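S.K.: Below you will find the structure I want to go over with you.
The values are calculated or read from the model by the stated rules, or taken from the named source; none is laboratory data. Predicted model only: the values in this text are computed from it and were never measured. Cβ: placed from backbone, ideal geometry, glycine included. Neighbour counts: every protein chain shown. For accessibility, only protein heavy atoms count, side chains too; no ligands or nucleic acids. Shrake-Rupley method; radii C 1.70, N 1.55, O 1.52, S 1.80 Å.
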Amino acid sequence: MRPAAAVALLGALAAAALLAEHTISVASIAAVLLVACLRAPAKRRWPYLVGTLFSAAMVVVVTPFVAQLGGKVVWSGPSVPVLGRLDVTTTELANGLYNGLRLAAVGLAFSAYALLVDHDRLVQSVGYARRAVLAIALATRFVPTLERDASGLVEATRGRGLDPAGARGRARLLSPLLAGSLERSLNLAEAMEARGYGRPGATRLPQPQWNALDRAALAAAVLLVALGALWL
């Protein structure tokens, strides 16, 4: 599948999760995206999955204590200034689960984009707004590149007889990581300038034609958005 079609399908799944009104529909979309993310290598996927699922779980836990939606009281807590009485109702629990699943679906859609989509092919296939797409692709690669650099620094320090264990040892890696990121950005800018990026009359490699799978993905994306707005 072409990267553009895959991005359109992932975006449609995220939009359907935001437009859907039933919790079971949002949960189904989140489950499909989670299965897709599990196809990525374990070492690459865990930061995205942990961050997304932890954020969604926090929404589920915090919402009943800050929302005032009425319903049958499940637990009645103390009265807190500004917030009032901390009552947990069935409606608030259902709302917290619904919003947590929506956040999980959107986060998993982005995780699937970051883990499974070929960003080089995506930039090459875009005929307009290439600078914006390039900036998004570079930003998406920031975390995996930083993680790879950190692993290399840890191995190098251990090879010299030093073990950067604990929070203090890891904090010492921030300075070389920042310096390496700045150096990489300068090298990338010089390479793009040497290749004539942004100059008029630039040429591109011929792209393959859209096949039936790509067209089906685009049709499914439109259908998912429509279903999310009208039925889910």
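S.K.: Report, ordered by the first and then the second residue, all pairs with beta carbons closer than 6 Å, sequence separation of six or more or different chains, a first member in the range 63-82 that is more than 15 Å from ASN99 (Cβ to Cβ), and a second member that is open to solvent by 80 Å² or more (accessible area, probe 1.4 Å).
M.R.: Matching pairs, first to second residue: SER79/ARG85.
S.K.: With respect to ALA4, is the statement that it is within 17 Å of LEU218 (Cα to Cα) and either modelled with pLDDT under 95 or part of a helix (DSSP H, G or I) (or both) true?
M.R.: yes
S.K.: Also, I was wondering about something else. Scan the range 22-33 and tell me whether some residue there is in a helix (DSSP H, G or I) and open to solvent by 70 Å² or more (accessible area, probe 1.4 Å).
M.R.: yes
S.K.: Quick one: would you say ASP120 is over 23 Å from ALA12 (Cα atoms), at pLDDT below 85, more than 15 Å from the chain's Cα centre (by Cα) and not β-branched (Val, Ile, Thr)?
M.R.: It is false that ASP120 is over 23 Å from ALA12 (Cα atoms), at pLDDT below 85, more than 15 Å from the chain's Cα centre (by Cα) and not β-branched (Val, Ile, Thr).
S.K.: Assuming ALA189 fulfils every condition listed in (1) open to solvent by 60 Å² or more (accessible area, probe 1.4 Å); (2) modelled with pLDDT of 75 or more apart from one, which condition is it?
M.R.: (1)
S.K.: Okay, moving on. Out of curiosity, is LEU18 assigned to a helix (DSSP H, G or I), surrounded by 13 or more Cβ atoms within 10 Å (Cβ to Cβ) and either in contact with a Cys (Cβ under 7 Å, 6 or more places away or on another chain) or not small (Gly, Ala, Ser) (or both)?
M.R.: Here the answer is yes, as LEU18 does meet what is asked.
S.K.: OK, next. Out of the residues in the range 135-153 meeting the condition of being of a type in the set (A, V, I, L, M) and out of contact with any Leu (no Cβ under 7 Å at 6 or more places or on another chain), tell me which one is surrounded by the most Cβ atoms within 10 Å (Cβ to Cβ).
M.R.: So, considering only residues that are of a type in the set (A, V, I, L, M) and out of contact with any Leu (no Cβ under 7 Å at 6 or more places or on another chain), the one surrounded by the most Cβ atoms within 10 Å (Cβ to Cβ) is ILE136.
S.K.: Another one. Looking at ALA109 and the list (1) in contact with a Leu (Cβ under 8 Å, 6 or more places away or on another chain); (2) of a type outside the set (Ser, Thr, Tyr); (3) open to solvent by 40 Å² or more (accessible area, probe 1.4 Å), which single condition is not satisfied?
M.R.: (3)
S.K.: Looking only at the range 46-73, which residues are surrounded by 11 or more Cβ atoms within 10 Å (Cβ to Cβ) and farther than 24 Å from ALA105 by Cα?
M.R.: GLN68, GLY70, GLY71, VAL73 - these are the residues of the range 46-73 that are surrounded by 11 or more Cβ atoms within 10 Å (Cβ to Cβ) and farther than 24 Å from ALA105 by Cα.
S.K.: Just checking, does the range 56-79 include any residue being on the phi > 0 side of the Ramachandran plot and not aromatic (Phe, Trp, Tyr)? Give the derivation first.
M.R.: In the first step, residues of the range 56-79 are kept if they are on the phi > 0 side of the Ramachandran plot; the result is 70-71.
Imposing the further condition that a residue be not aromatic (Phe, Trp, Tyr) reduces the set to 70-71.
The answer is yes; a qualifying residue exists.
S.K.: A further question on this structure: Select from the range 74-92 the residues that are open to solvent by 80 Å² or more (accessible area, probe 1.4 Å) and aliphatic (A, V, I, L, M) and write down the one among them that is farthest from ALA17 (Cα to Cα).
M.R.: VAL82
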